[in-house]
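The structure appears below as structure tokens.
The values are calculated or read from the model by the stated rules, or taken from the named source; none is laboratory data. Computed from a prediction, not measured in an experiment: that's the story for all the values here. Glycine also receives a Cβ, built like all others from the backbone with ideal geometry; neighbour counts cover every protein chain displayed. These area figures cover heavy atoms from the full protein model, side chains too; ligands, DNA and RNA do not enter into them. Shrake-Rupley method; radii C 1.70, N 1.55, O 1.52, S 1.80 Å.
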Amino acid sequence: VLSLIILICYAASRYGGYTAVAICEMAVAIVFFCVFMMDLDKQIKVVNWVWSDLIRAFTGALCYIITSLICVIRGAGDGALIAGGVFGLIAGILFAYDTYTIYLQIKSNRSQTAGPADERV
């Protein structure tokens, strides 16, 4: 939803070139949402979905933060661009938090799957 708001703000501004980030991130988020909602991650074992989701969240955070900082700095006199930049910063922070939570999930899964140490060696 936040990506859609950012898309509308960028489209309404004088510089519409920043809409590509919002479109790509929204499309990829919808794909991952559908995969996890339909439990396709348990059926398709070829892809490591947790790591793919981590990469998606990390690149989303990076793209949104960089693009939004550029829009906020450059957007003097263009309220829609500044609004899109502020919403983009919020989205970047949310994607960064998502990256952190996925990292914690990967870290906890690794410690659970590690076998017990054999002390009889």
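Quick one: with all protein chains in place, what share of the accessible area of the chain is carbon or sulfur, to the nearest percent (1.4 Å probe)?
The nonpolar share, carbon plus sulfur, comes to 71 percent.
Using DSSP to call loops (not H, G, I, E or B), can you name the chymotrypsin sites (Phe, Trp or Tyr not before Pro) in segment 1-72 whose Cβ has at most 15 other Cβ atoms within 10 angstrom?
TYR15
With everything on Cα atoms, drop me the angle between helix 49-74 and the longest principal axis of the chain, reported from 0 to 90° to the nearest 10.
Relative to the chain, helix 49-74 is tipped by roughly 20 degrees.
Label GLN43 and ILE23 with points 7 Å out from Cα along Cα→Cβ: what is the distance between them in nm?
Between GLN43 and ILE23, the label points sit 3.0 nm apart.
Going by alpha carbons, how many degrees (0 to 90, nearest 10) lie between the helix axis of 19-37 and the longest principal axis of the chain?
Once rounded, the angle reads 30 degrees.
How much area per residue is accessible in the chain when the probe is 1.4 Å and only protein heavy atoms are counted (Å²)?
It amounts to 65 Å² per residue over the chain.
State the extension gain, in nm to one decimal, for the chain segment bounded by ALA11 and VAL50, taking 0.36 nm per residue of separation less the distance between their alpha-carbons.
In short, 10.8 nm is gained.
For a paramagnetic label modelled at 7 Å from the Cα of ALA76 toward its Cβ, which residues of segment 10-27 fall within the zone defined by backbone nitrogen distances under 17 Å?
14-15
Taking loop as defined by DSSP and a crowding limit of 12 other beta carbons within 10 Å, which trypsin sites (Lys or Arg not before Pro) in segment 1-71 fit?
ARG14, LYS45
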